[in-house]
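Taking it in order: structure first as structure tokens, then the write-up.
Just so it is clear, none of the values below were taken in a lab; they were calculated from the coordinates. Given the structure is predicted, the values throughout are model-derived calculations rather than measurements. Note that we place each Cβ from the backbone using ideal geometry, even for glycine, and neighbour counts take in every protein chain shown.
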Amino acid sequence: MSATVDVPAVLKEKFPAATPRPSLDHPAVNLPAADVPAALKFLRDEQGFDFLVDLTAIDWAEGVSPRFTVVYHLLSTVRHDYVRVATDCPSDETPAVASVTSLWAGANWHEREVYDMFGITFTGHPDLRRILMWDGYPHHPLRKEFPLAGIDTPLPDAEIMAETGARVIAAPMAGGPFVASPGEINLTEAEPRAKDESWNERRAKPDA
């Protein structure tokens, strides 16, 4: 196995604006959005980080600036090393960064999911459209202001309405963060409950 490379130092030499990012597991670096395409190409072609494991985003919440951060996880299949690259979206109102689909074809679906869930645009993407929610859905479910119980939204498809018997649906359904009272249940056996159970409570009431 090849020797481990000090990725933050290598990137800093090539891209002076790169700064180490606090991380408890793998080397991590912050980069300006303008440097990301060239830096990721450098990591792929010259440092052996040939596999894009994941591409996701963080919403730090309304009122925080920069609000959105896009995160790339890369793996070197030769050295078995990981690196995390993060970049802040320059705009909080219209967050956007360059697409990396030209570097990894697999970025296509990752970027579509981030676009769908966070509303972050990837300029240069060949087919940027929603991948989970339907076209015309007015919300981005992984933004911090989106309620855990979802938002009642008209369904656009007559076939779905016929199957569900509903004209509106709260999507997505209630989910984490999950909670359980310490010491009261066996966490290895119990299924935790969502903090926000209002969606389930409404569903339990036929008249709701």
### Query
In the range 59-106, what residues are in a loop (DSSP other than H, G, I, E, B) and among the polar types (S, T, N, Q)?
Ser65, Thr77, Ser91, Thr94, Ser99, Thr101, Ser102
### Query
Could you count how many residues in the range 74-108 are over 22 Å from Ala17 (Cα atoms), under 17 Å from the mean Cα position of the chain (by Cα) and β-branched (Val, Ile, Thr)?
2
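Do you know which residues across the range 118-130 are surrounded by 13 or more Cβ atoms within 10 Å (Cβ to Cβ) and either within 24 Å of Arg44 (Cβ to Cβ) or touching a strand residue (DSSP E or B) at 6+ places or on another chain (Cβ under 8 Å) (or both)?
Within the range 118-130, Phe118, Ile120, Thr121, Phe122, Gly124, His125, Leu128 meet the criteria.
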### Query
Among the residues of the range 12-27, how many are surrounded by 14 or more Cβ atoms within 10 Å (Cβ to Cβ), more than 11 Å from Ala39 (Cβ to Cβ) and more than 22 Å from the chain's Cα centre (by Cα)?
0
### Query
For Gly63, all conditions in the list (1) in contact (Cβ under 8 Å) with a residue 12 or more places away in the chain; (2) out of contact with any Asp or Glu (no Cβ under 8 Å at 6 or more places or on another chain); (3) more than 18 Å from Ala38 (Cα to Cα) hold save one; what is the number of the exception?
(1)
### Of the criteria (1) assigned to a loop (DSSP other than H, G, I, E, B); (2) touching a residue at least 40 places away in the same chain (Cβ under 8 Å), which one Ala39 fails
(1)
### Message
Of everything in the range 28-73, what is more than 16 Å from the chain's Cα centre (by Cα), of a type in the set (Asp, Glu) and buried (at least 17 other Cβ atoms within 10 Å of the Cβ)? Give them in sequence order.
### Response
Asp35
